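Report on the following structure.
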Amino acid sequence: MSPGRAAAPGPPLAAASDFVGREKKLEKIGMALLGGTRLVTLIGAGGIGKTRLATEAVHRFHKARRVPVHWVRLAVLPRGADAAAVEEQIAGSVIEADFSGRSAWDAVLDALGRRDAPGRNRQTILVMDNCEHVLDGAGRVIADLLDAAPGLTVLATSRRRSGGSTSN
């Protein structure tokens, strides 16, 4: 993985005041995030607002809990991109500093695996947006990340099912 930043890192711009409806879905996602669910997948047809729903859900959760949120835009990857390409996209989106002297994977885990003073794992949210065209690669990377970072929660959006808890 290279240390370069992905184009347009971070979540889509969203103002809480322009989101109307879908309160039950937002509540369900919020409860999953609060309840320790490690993988939440929003599934549905293109254009129904999965990204917007994810944006609003993590915005509200971050505002209430001050949990860090990292956003990875997978739409820029070519169809069928492998796990290495997905890892590189994550690194470009998550790592904000030079990580020379260590692997990008280690730098990503450092960014996503927070601990508090007593050494307990603290929650961090990684949004993996538009997984549908890279399901195999994204699935492998998500599984590896969840194994390696105990405090990590992944919220994925996809047009197709890849496993995990689902809110749509």
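Could you list, ordered by first residue, the pairs with Cβ atoms under 6 Å in which the first is in the stretch 140-163 and touching a residue at least 24 places away in the same chain (Cβ under 8 Å) and at negative phi and the second is of a type in the set (Ser, Thr, Tyr) and in a helix (DSSP H, G or I), at least 6 apart or interchain?
Pairs found: THR157/THR51.
Name every residue in the stretch 46-60 that is surrounded by 20 or more Cβ atoms within 10 Å (Cβ to Cβ) and farther than 21 Å from ILE142 by Cα, in order of residue number.
GLU56
List pairs: first residue in the stretch 63-88 and under 11 Å from GLU132 (Cα atoms), second residue acidic (Asp, Glu) and in a strand (DSSP E or B) anywhere in the structure, Cβ distance under 9 angstrom, at least six positions apart or on different chains.
What qualifies is LEU74/ASP129; ALA75/ASP129.
Applying the selection to the stretch 27-45, what residues are over 16 Å from ALA64 (Cβ atoms) and either hydroxyl-bearing (Ser, Thr, Tyr) or open to solvent by 40 Å² or more (accessible area, probe 1.4 Å) (or both)?
THR37, ARG38, THR41, ALA45
The values are calculated or read from the model by the stated rules, or taken from the named source; none is laboratory data. Because the structure is a prediction, the values reported are computed rather than measured. Quick reminder, even Gly has a Cβ in these numbers, built from the backbone with ideal geometry, and neighbours come from all protein chains shown. For accessibility, only protein heavy atoms count, side chains too; no ligands or nucleic acids. Shrake-Rupley method; radii C 1.70, N 1.55, O 1.52, S 1.80 Å.
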